[in-house]
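Below is one structure; the comments refer to it alone.
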Amino acid sequence: MQFDEWMQLLPLVESETMSQKDLSDRLVKDKTTISRLVDGWVKKTWVKREVSATDKRLYRLRFTKKGKEIWEKGLPIIASADEVFRKDLSDTNEKDLYLLLFKIQSAVQIARQ
């Protein structure tokens, strides 16, 4: 698994289940890109699609056991990379970086609407 693919699983990890539209909104990616991404995850058996209990037209995404194992294998790698990236940042620099990234993400989401 590549880093960007691993990171794109994060919204699903945080919420356990979500629709493809919700995933699209969280990742700020178009529906076609998300559909291809999810199709790949389903094919690799990392994620399964389940019909929504409240809306039969909607599919919810959920991790499989294999998907959870893949996610957990990446955690130590990400933790060590995070340590390397942050080692030369002061607390103020780190806060400024997060604020700037949040502003960029917000601007992209607003532009999509």
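If a/c stays under 1.5 just call it rounded; otherwise compare a/b with b/c (prolate if a/b is bigger, oblate if not). Do that for the chain, with a ≥ b ≥ c from the square roots of the Cα gyration tensor eigenvalues. Here the chain falls in the oblate category. Take the Cβ atoms of Ser19 and Val84, set R0 to 41 Å, and the FRET efficiency comes out at 0.70. For the chain, averaging the sequence separation of C-alpha pairs within contact (under 8 Å, six or more residues apart) and dividing by the residue count gives a relative contact order of 23 percent. Computing FRET efficiency as 1/(1 + (r/R0)^6) for Arg62 and Leu101, where r is the C-beta to C-beta distance and R0 is 25 Å, gives about 0.35. Note on the chain: dipole from Cβ charges, positive end direction compared against Gln109, Met18, Gly74; the farthest Cα belongs to Met18.
Beta-bridge orientation, the chain: approximately 100 percent antiparallel, per DSSP, counting only bridges with both partners inside. Be a star and scan the range 23-66 for residues whose amide nitrogen sits under 12 Å from the point 7 Å along the Cα-to-Cβ vector of Val108. In the range 23-66, the label zone of Val108 (backbone N under 12 Å from the point 7 Å along Cα→Cβ) covers 25-30.
We did not get these values from a lab; they are worked out from the coordinates using the rules stated. Being a predicted model, the structure only gives us computed values, none of them experimental. No Cβ is skipped: glycine too gets one built from the backbone with ideal geometry, and neighbour counts run over all protein chains shown.
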